[in-house]
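Report on the structure given below.
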Amino acid sequence: MPESPTASAGADATAPLSAEDAKLVVLARGARARISAVEGAAVRDQDGRTYAGANVTLPSLTLTALQLAVASAVASGATRLEAAAVVTEASTLDGAGHAVVRDLAVDAPVHVAAPDGTLLGTVRQ
């Protein structure tokens, strides 16, 4: 499992997001708020379709928000990701979420935002 990349790895946190990437942050915030989850995530696939999810913690299953969003995309036929966003209180992107995004896209940006939607940084590696 890769080390947890810092949210600012390879990007300027002050650079504005494109409208499409800002939408991912809004979707991730909504997924997080809907169930009062620790984190929410959203991804956009090669066709521009979006998928969102929140972290899942059950006795027999634990998924990060990014893992759930990517799994939803793959279950719907996605073969590549264009971008991802995670809304979290952490200052780093979790290794498991980072790894699952990289399974479908080695270069897709993963935007990390605070619960209020403020961009903390973007992981591009």
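Side notes on the structure shown:
- Within the chain, longest stretch clear of exposed trypsin sites (Lys or Arg not before Pro) (DSSP loop, no more than 16 other Cβ within 10 Å): 1-48
- Projecting the Cα atoms of ALA54, ALA113, GLY95 onto the charge dipole of segment 15-125 (Cβ charges, centred on the Cα centre) puts ALA54 farthest toward the positive pole.
- Kirkwood hydrodynamic radius of the chain, Cα pairs, Å: 13.8
- Dividing the summed helix terms, -39500 (n - 2.57) for each DSSP H run of n ≥ 4, by the number of residues in the chain produces a 222 nm estimate of -9500 deg cm²/dmol to the nearest 500.
- For the pair SER60 and ARG80, a Förster radius of 30 Å applied to the C-beta separation gives a FRET efficiency near 0.50, rounded to the nearest 0.05.
- Spatial offset of segment 45-87 relative to segment 91-125 amounts to 12 Å, using the alpha carbon center of each.
- When the square roots of the Cα gyration tensor eigenvalues are ordered a ≥ b ≥ c, the ratio a/c for segment 58-112 is 1.5 or more and a/b does not exceed b/c, which makes its shape oblate.
- Mean Cα-pair separation over length for the chain, i.e. relative contact order, pairs under 8 Å, 6 or more apart, %: 32
- Expected-Rg normalisation [2.2 N^0.38 Å, Cα atoms] applied to segment 10-79: 1.16
Every read-out reported here was derived from the displayed coordinates using simple, explicitly stated rules and does not represent laboratory data. Source: prediction; values computed, not measured. We place every Cβ from the backbone using ideal geometry, glycine too, and count neighbours over all the protein chains shown.
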